[in-house]
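Chemist: Pasting a structure here, questions to come.
Any read-out appearing in this document is the output of simple, stated calculations on the displayed coordinates, not a laboratory observation. Everything quoted here is computed from the prediction, not taken from an experiment. Backbone-built Cβ (ideal geometry, glycine too); neighbour counts: all protein chains shown.
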Amino acid sequence: MTEKNNSVEFSEVRRLNREVSLKESTIITTFNETLALYKQLDDKKFSRSAPIPTISDDEFLLVLKPIMKKQTFGDIEVTEIKENNFVLNVCYKEVSNDEYLAEKQKNPILILKIKGNIPKSIKLIAVNI
């Protein structure tokens, strides 16, 4: 990553709603860390687990689990990620989700694959609060 304010390439890997102990944002850089995360997210109700993603040398996973402020039983949608002086600014919106509302689920988790160098810190920015 450079010292400038640049948009960062990312893709969604997995979206779920689960009550687990995670920070608002977590950086995953190794396959062993990925395995540990997926073991924590595994749902025993299903006989098969979700596919475990691989990451190459120039990628890392970013796990987001923000505290919902506006949509208690909502979901999150990342609108943009920018890097500024080795800080990843993750802009997101809280959006409604009928399934989460019906099931009274309030712990959305989003896993993103990000291309680039590992940042020093992550800053979550809610854009519709």
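Chemist: In the neighborhood of Tyr92, defined by Cβ-to-Cβ distances under 13 Å, what is the net charge if each Lys or Arg adds +1 and each Asp or Glu adds -1? Write out the running numbers ahead of the final one.
Modeler: Numbers: positive: Arg15, Lys65, Lys69, Lys70, Lys82, Lys93, Lys123; negative: Glu12, Glu24, Asp75, Glu77, Glu80, Glu94.
Around Tyr92, the charge tally is +1.
Chemist: Fewest Cβ neighbours within 10 Å first, please rank Phe10, Phe86 accordingly.
Modeler: Numbers: Phe10 18, Phe86 13.
Ordered by Cβ neighbours within 10 Å, fewest first: Phe86, Phe10.
Chemist: If you keep only loop residues by DSSP, which GluC sites (Glu not before Pro) in the stretch 87-125 have at most 15 other Cβ atoms within 10 Å of their Cβ? Could you put the intermediate results ahead of the total?
Modeler: Values: sites: Glu94, Glu99, Glu103; in loops: Glu103.
Counting only loop positions with at most 15 other Cβ atoms within 10 Å, the GluC sites (Glu not before Pro) in the stretch 87-125 are Glu103.
Chemist: Average projected area of the Cα convex hull of the chain, in nm²?
Modeler: Working: hull surface 31.7 nm².
Across all orientations, the chain yields a mean hull projection of 7.9 nm².
Chemist: With a 10 Å Cβ neighbour count serving as the proxy for reagent exposure, in which order, fewest first, do Thr79, Thr34, Thr26 appear?
Modeler: With the fewest neighbours first, Thr79, Thr34, Thr26 line up as Thr79, Thr26, Thr34.
Chemist: Compute a Gaussian network model of the chain, connecting alpha carbons closer than 10 Å, and tell me which residue from Lys93, Lys104, Lys82 fluctuates the most.
Modeler: Lys104
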